[in-house]
1. Roughly how many debye, to the nearest 20, is the charge dipole of chain B about its Cα centre, given +1 on each Lys and Arg Cβ, -1 on each Asp and Glu Cβ, and no other charges?
2. Taking the Cα centre of region B:18-115 as the origin and placing charges on Cβ (Lys, Arg +1; Asp, Glu -1), which of B:Val95, B:Ser84, B:Pro39 is farthest toward the positive end of the dipole?
3. For Cα pairs less than 8 Å apart in space and 6+ apart in sequence, what is the mean separation divided by the residue count of region A:1-100, i.e. the relative contact order in percent?
4. Quick one: which of B:Lys14/B:Lys71; B:Lys9/B:Lys57; A:Lys69/A:Lys100; B:Lys14/B:Lys57; A:Lys78/B:Lys9 span more than 29 angstrom between C-alpha atoms?
5. Per Stokes-Einstein, at 10 °C and 1.306 mPa s, what whole-number D in µm² s⁻¹ belongs to the protein assembly as shown, with the Kirkwood radius over Cα pairs as the hydrodynamic radius?
6. Once you keep just the Cα pairs under 8 angstrom separated by 6 or more residues, what percentage relative contact order results for chain B?
7. What's the Cα-based Rg to Rh of region B:1-86, Rh via Kirkwood?
8. For the protein assembly as shown, what is the charge dipole size about the Cα centre, in debye to the nearest 20, if Lys and Arg each add +1 at the Cβ and Asp and Glu each add -1 at the Cβ?
Amino acid sequence: AQSVTQLDSQVPVFEEAPVELRCNYSSSVSVYLFWYVQYPNQGLQLLLKYLSGSTLVKGINGFEAEFNKSQTSFHLRKPSVHISDTAEYFCAVSVLYGNKLVFGAGTILRVKS
Amino acid sequence: NAGVTQTPKFQVLKTGQSMTLQCAQDMNHNSMYWYRQDPGMGLRLIYYSASEGTTDKGEVPNGYNVSRLNKREFSLRLESAAPSQTSVYFCASSVEPGLAGDEQYFGPGTRLTVT
């Protein structure tokens, strides 16, 4: 079975500072990896995904993530955050067959002015 | 193009009452999903439907039933609500049945409280 661990439940950061949200996964088979964002009182929206190929994946809103197979990690980064990035971020995995997502517990990013 | 819509947005039930959460998508997607979101636990899959006419259990199916009414609609029923089912429920859809890595599109959620 797959599992996802998001290492920080909350990350406070000042506007224009860089941020990294950490995600580790465990799986006995190869997986696909995703980051979703949830703005207050809304559904989830896909930020980016890793399926294969380059381990550095670029997504929307200036976010990027790096897949590290040896460390089973998929950390999300942004070089300069804005107030509007305040949201909850979820890391998720799916196995190579079927499309059932397993989510981490989420990380709340709070951007302060 | 409304995407994924869910009704109702909010609901309060008493223990033992029943209700059906409705979900519809207008993107001609084949697969549909029901998740519940609880604080500190992320989203957990309740049931999914890979294609019209099929449904399968997810991680937390107990206490729920689903119906894939047609390609557009996928409903979630609570036959006898319990306080442990207090949660935010999300419906999602994706294009291809069983295609791993296919983006899932989420509805706005239904906030359910069971007293």
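The values are calculated or read from the model by the stated rules, or taken from the named source; none is laboratory data. As the structure is a prediction and not an experimental result, all values here were calculated from the model. Here the Cβ positions follow ideal geometry from the backbone for every residue, glycine too, while neighbour counts run over all protein chains shown. For accessibility, only protein heavy atoms count, side chains too; no ligands or nucleic acids. Shrake-Rupley method; radii C 1.70, N 1.55, O 1.52, S 1.80 Å.
1. Rounded to the nearest 20 debye, it is 420 debye.
2. After comparing all options, I get B:Ser84.
3. 35 percent
4. Too far apart for the 29 Å limit: B:Lys14/B:Lys71; A:Lys78/B:Lys9.
5. Stokes-Einstein gives a translational diffusion coefficient of 88 µm²/s.
6. Reported relative contact order: 36 percent.
7. With Rh from the inverse mean 1/r over Cα pairs, Rg/Rh is 0.96.
8. Using only the charged Cβ atoms, the result is roughly 340 debye.
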